[in-house]
Amino acid sequence: MQYDILIIGAGASALSSALFAKQEGLSVALVTKEFPTRAQTSMAQGGINAALGKDDTIELHIEDTLKSSHALADEKMVQHLCQSAPEAIKWLDSIGVCFSRTPDGEIAQRKLGGAKHPRACYAQDYTGLKILHTLYDQVNKENIDIFNQRFLLDIITKEQKVIGATFLNMRNSQVETFSAKSVIVATGGYAKIYGKHSTNSKSSTGDGLVAAYKAGAILSNLEFVQFHPTALKNSSILISESARGAGGYLVDNNGERFCDELRPRDEVSRAIYEQMKKSDVFLDLRHLDKEFIEESLPQEQKLAKLYEDIDLTQELIPIKPAAHYSMGGIEVDANSQTNIEGLFSVGECANHNVHGANRLGGNSLLELIVFGKDVAKGAASYAKAQEFQTLDTKESQQKIDAIFQYEGGINLYDMKDLVADLFYKNVGILRKESELQEALDALKNIQNNLSKIALQDKTKEFNQELVELLEFHNMVELAQLIVLSALKRKESRGAHYRADYLEENKEFSKPTRIYRGEFL
Amino acid sequence: MKLKIQRYIKEKEFNTLIEYDVEKKVTTLLEALEYIKQTKDSSLAFESGCRSGVCGSCSVQVDGKATLACSHKLQEDAVVVEPLKNMPLIRDLVVDMTQAYQTTKKAQAWLHLLDKETKITDEDEHINRVQSDCILCGSCYSACPVFAVNKNFLGPFALTRSWKYVADKREAQPAVDVLQTDGIWDCTLCNECTMVCPQEISSKADIEKLRSKSAMMGYSDPNFAANFGGFELSF
Ligand SMILES: Cc1cc2nc3c(=O)[nH]c(=O)nc-3n(C[C@H](O)[C@H](O)[C@H](O)COP(=O)(O)OP(=O)(O)OC[C@H]3O[C@@H](n4cnc5c(N)ncnc54)[C@H](O)[C@@H]3O)c2cc1C
Ligand code: SF4
Ligand code: SF4
C-alpha cells in the first residue's frame, strides 16, 4: 500500500487532518484498529471551547488556558489555539454538526470548570459523537480510503526520515506495510493504563506514542495525567463537568459540601481523593431543574441508572476521580512535526504544549480541529518534496512470530488489572518518591517477564488476545516512561502532585522530555 | 448466572453454542463477556469500546434481539448471545460491518452544499437531533428483513442519516435522487429497526419522511410503476 500521507487513527483529529490533507490534492489513507466511528472522540460530552459569547474574549480564553497550564504551556501555541477556535466552530457548523442552539439561533455555550465564561459549544451531551460522525460523513464525501482493524506495529524510518509504517491485519494476523511520504500519528491518549480506574475507551492504550518513541521521537510531559473528578464509582463512567457547571454539588456521607466544585479539575480531584479517605463522595444534582437534566444530561441519566441503579434527579450519585486525559505526548513543533522528519502527530497522543500541567475542559476537542488543519498543511508540504521508499515486513513479522512462541502461565488480564491498580494507587492523584519507585520496580519486573504472558489462543483469525497483548506491551513500556518522568519532576504542578514536594518550583517550569531512554 | 454464547472460529471449524457460568456479580452483558474472556476462555472474540453506549461497537443479538452489550442489563439465566445477523461473520460475536458502513456512502449521507444564508434556530436543531444521535451500531441492519435479502438495500441507518441531512436547513442541495433505487421504496415499513434502536431512532419514520419529500420533488415509487405501468408500453 502506498499513500502520500498516512494517517494512523480515525478519531476526530485523524478525520479532520484527512479532510484538510485531501484539500492539498494528495493521496490520503486512514488506518485504524477499530471501525472509524468507534474512536474515543465519540465519548466527549461536555463541549468544545471557543470564545463566541458577548462577554467572552479570545484573551480570556488564552488567560484561562494558561492559568490552568501552570506556566507549562507555550504561550504562542495557546494564542494560536484560542484565536483559531471561532473559525474551527464555524467550520464544524458549516459541515453540518448539530450544535445545540440558543432560542435566538446562536450556538449554545455552557460553562466548564476553570473557565470564566460559558465557552463550551455542545450538542446536548453528544458533542464528540456528533462531531466525529459529521467528520466521518465528510470523509466519505471526499472518498478518502479507510483501512479498519489494522493495528499499528512499527513506524519505519530510513536515514532519520519516516518512510511508512507496519500494521497487523487483525483479520489474519499478517503484517502489512504502508509506505508514505509523511505519516501522521493520531492514535489518542494513554489513560487506559489506569484500566478500570479510567474514563477512557478500551483503545486508549498509548500505542502510537510507543511506536513513535521507538522510532526515535521525543515524548514530553508524560507525567501529566488529568483525573476527572466525577466518574461513577463502580464503572469509572464519566459524569460530565457540565453537571457541576450547572450547579451540582459534591457532598460527603452527611450531605455536606466540602470544596468549591468549580475549581480546576486537579484541585477538585484532590479534594475528593482526600475526602474519600474519610467518607464516600457523591455528586448531588437533585436540586437541579429536571428539564435541564433531560435536555443537557440525558446520557448521564441513562448511565447512572444502568450502572449504579439510581435516578439522579432523586438520588445522590456515588463518584470517584478517574484517569481521564493524557496531557503528555509525542512532542511536536508549531507545524505539528516531531523531531523525526516527515513524522507528524495530532490529537491526544501529541503534545502541542497547549495544556501544560492541566488541560482545560473543552480544549481537547478544540485542538483536534485546529491542529488537524495545521498538521495536514505541514504533512502535505513536506510530502510534496519526497519520494516513496520501499519497506519490508521482516522485523515486525519476526516480533509477531516470537509472540506466538511465548510459553508460560501468567494471565494477561490479571496483569492488566495489576498495572491498573498499581497506577491508580502509586502514580495517581497523590504521588511520592517511594511509591513511584515501587511502581517502577514492579513494572521492570513485569517487563522482564513479558515472555511468560503467553497467548492462550494461537489462532490467526481475528485474534483479539494477540492485540490485547500487544497493547499491554505498549502500556508496560509507556508506564515506565511515565513513572520516570514523574520521579524526575520533584515538585507539584497541576495534575502532577507530589506529597513530598508540595510546592511549584520555578526550576521545573519546562517540559519533561524523554528521548531514547534519556532525559533531554 | 448462565450464558449461552454462539462461538465460531473458522480455521478451527468451531461452530457451537457454548454455555458459560458467570459466578461474579455483573451488571451488564459486556461485563459478563469480559469476565468469561478474562477467566475462562481468552479466545472468545467480541467488540467493545466506550462501555457507555456511544461508540457503537458492542451490538450483539440477545435472545434473538439486537442490543448493545454494554447497555444490556443481565437479569436472568440462559441468555443466548449471538452475533448480529445479515453481516458476514468474522469470528464469534464479531461481524464485518464494512458493507453496512458502505451504505451511508452509497446514500451520499453528508452535507452537499452549505446554504450560507440559513440560520439554524433552536427549533431547527430539534428537527434532526434524534437522527444525529445514531451511533452506527448496526442493530437495525441486523433486524431489517429487507437488508437480509437484498444486500444492495441502503438500509435503516443510512436512510436515517440521509434524512438528517435532507432535513437540515443548512443543506442547499438535498440528495434524494440516490435514495430511489434500493432505498426508500424498498422498505416494507415493518418497523423492526425502530424496535431495536438503542438511541430511540425510528428509521422507518425517517424513510416515510424521505418518501414524502421525494414525492414533493417529483419522484414516485418505482415498484408501483413496475406493477401498474406495464400498459404504458402498449401506447
Ligand atoms: C468520557 C470522555 C469525555 C470527554 N469529554 C470531552 C469534552 O467534553 N471536551 C473535550 O474537549 N474533550 C473531551 N474528552 C477528551 C477528548 O474526547 C479526547 O481527547 C479526544 O477525543 C481524542 O481524540 P483523538 O482524535 O486524539 O483520538 P481518539 O478519538 O482516541 O482516536 C484514536 C484513534 O486511533 C486509533 N488507534 C489507536 N491505537 C491504534 C493502533 N495501535 N493502530 C491503529 N489505530 C489505532 C483508534 O482506533 C482511534 O480511531 C473526553 C474524553 C473522554 C474519555
Ligand atoms: S439507527 Fe439506531 S440501531 Fe441503527 S445504527 Fe443508528 S443507533 Fe444503531
Ligand atoms: S422499517 Fe424498513 S428499514 Fe426498518 S426494518 Fe423494516 S424494512 Fe428495514
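So is A:Ile193 in a strand (DSSP E or B), in contact (Cβ under 8 Å) with a residue 60 or more places away in the chain and away from every other protein chain (no Cβ under 14 Å) or not? For A:Ile193, the condition - in a strand (DSSP E or B), in contact (Cβ under 8 Å) with a residue 60 or more places away in the chain and away from every other protein chain (no Cβ under 14 Å) - is not met.
Going by the structure shown, is B:Val79 of a type in the set (A, V, I, L, M, F, W, C), within 11 Å of another protein chain (Cβ to nearest Cβ) and open to solvent by less than 20 Å² (accessible area, probe 1.4 Å)? Spelling it out, it is not the case that B:Val79 is of a type in the set (A, V, I, L, M, F, W, C), within 11 Å of another protein chain (Cβ to nearest Cβ) and open to solvent by less than 20 Å² (accessible area, probe 1.4 Å).
Within segment B:189-199, the set of residues being open to solvent by 50 Å² or more (accessible area, probe 1.4 Å) and either within 14 Å of B:Arg161 (Cα to Cα) or not in a loop (DSSP other than H, G, I, E, B) (or both) comprises B:Glu192, B:Met195. Considering only residues that are more than 14 Å from every other protein chain (Cβ to nearest Cβ), out of contact with any Lys or Arg (no Cβ under 8 Å at 6 or more places or on another chain) and part of a helix (DSSP H, G or I), which ones fall in segment A:25-67? Of everything in segment A:25-67, those that are more than 14 Å from every other protein chain (Cβ to nearest Cβ), out of contact with any Lys or Arg (no Cβ under 8 Å at 6 or more places or on another chain) and part of a helix (DSSP H, G or I) turn out to be A:Ile58, A:Glu59, A:Ile62, A:Thr65, A:Leu66, A:Lys67. Remark: B:Ile135 matches the filter, which requires a residue to be within 16 Å of ligand 1 (Cβ to nearest atom) and of a type in the set (Val, Ile, Thr). Can you find a residue that is touching a residue at least 12 places away in the same chain (Cβ under 8 Å) and farther than 30 Å from A:Lys111 by Cβ anywhere in segment A:352-373? No, every residue in segment A:352-373 fails to be touching a residue at least 12 places away in the same chain (Cβ under 8 Å) and farther than 30 Å from A:Lys111 by Cβ. Taken over segment B:107-158, the criterion of being in a helix (DSSP H, G or I), within 15 Å of B:Glu171 (Cα to Cα) and more than 9 Å from chain A (Cβ to nearest Cβ) is satisfied by B:Ile127 alone. One residue stands out among those in segment B:108-141 that are within 16 Å of ligand 3 (Cβ to nearest atom) and within 14 Å of the chain's Cα centre (by Cα): the one that is farthest from A:Ile107 (Cα to Cα), which is B:Tyr141.
Taking each residue of segment A:482-507 that is more than 15 Å from A:Val225 (Cβ to Cβ) and looking for partners that are basic (Lys, Arg) with beta-carbon atoms closer than 7 Å, six or more apart or interchain, yields A:Lys490/A:Arg498; A:Glu491/A:Arg498; A:Ala499/A:Arg431; A:Ala499/A:Lys432; A:Asp500/A:Lys432; A:Tyr501/A:Lys490; A:Glu504/A:Arg493.
The condition of being in contact with a strand residue (DSSP E or B) (Cβ under 8 Å, 6 or more places away or on another chain) and not β-branched (Val, Ile, Thr) holds for only one of A:Ala85, A:Ala51, that being A:Ala85. Among the residues that make up segment B:4-21, is at least one of them among the acidic types (Asp, Glu), more than 20 Å from A:Met170 (Cα to Cα) and either surrounded by 13 or more Cβ atoms within 10 Å (Cβ to Cβ) or not assigned by TED's automatic domain parsing to the domain that holds B:Glu76 (or both)? Taking every residue of segment B:4-21 in turn, none turns out to be among the acidic types (Asp, Glu), more than 20 Å from A:Met170 (Cα to Cα) and either surrounded by 13 or more Cβ atoms within 10 Å (Cβ to Cβ) or not assigned by TED's automatic domain parsing to the domain that holds B:Glu76 (or both). Among the residues of segment B:94-109, are any within 16 Å of ligand 1 (Cβ to nearest atom), crowded, with 19+ Cβ neighbours inside 10 Å and within 12 Å of A:Asp137 (Cβ to Cβ)? Within segment B:94-109 (the criterion being within 16 Å of ligand 1 (Cβ to nearest atom), crowded, with 19+ Cβ neighbours inside 10 Å and within 12 Å of A:Asp137 (Cβ to Cβ)), the answer is yes, since at least one residue qualifies. In segment B:129-146, the residues that are in contact (Cβ under 8 Å) with a residue 60 or more places away in the chain form Cβ pairs under 7 Å with partners that are within 16 Å of ligand 1 (Cβ to nearest atom) and among the β-branched types (Val, Ile, Thr), at six or more places apart or across chains, as follows: B:Ile135/B:Val54; B:Leu136/A:Thr37.
Checking B:Gly56 against (1) away from chain A (no Cβ under 14 Å); (2) assigned to a loop (DSSP other than H, G, I, E, B); (3) buried (at least 20 other Cβ atoms within 10 Å of the Cβ), which test does it fail? Going through (1) away from chain A (no Cβ under 14 Å); (2) assigned to a loop (DSSP other than H, G, I, E, B); (3) buried (at least 20 other Cβ atoms within 10 Å of the Cβ) one by one, B:Gly56 breaks only (1).
The values are calculated or read from the model by the stated rules, or taken from the named source; none is laboratory data. Quantities reported herein were computed from a predicted structural model and do not represent experimental measurements. As a convention, Cβ positions derive from the backbone with ideal geometry for all residues, glycine included, and neighbour counts pool all protein chains shown. What goes into the accessible areas is simple: the full protein's heavy atoms, side chains included, and nothing from ligands, DNA or RNA. Shrake-Rupley method; radii C 1.70, N 1.55, O 1.52, S 1.80 Å.
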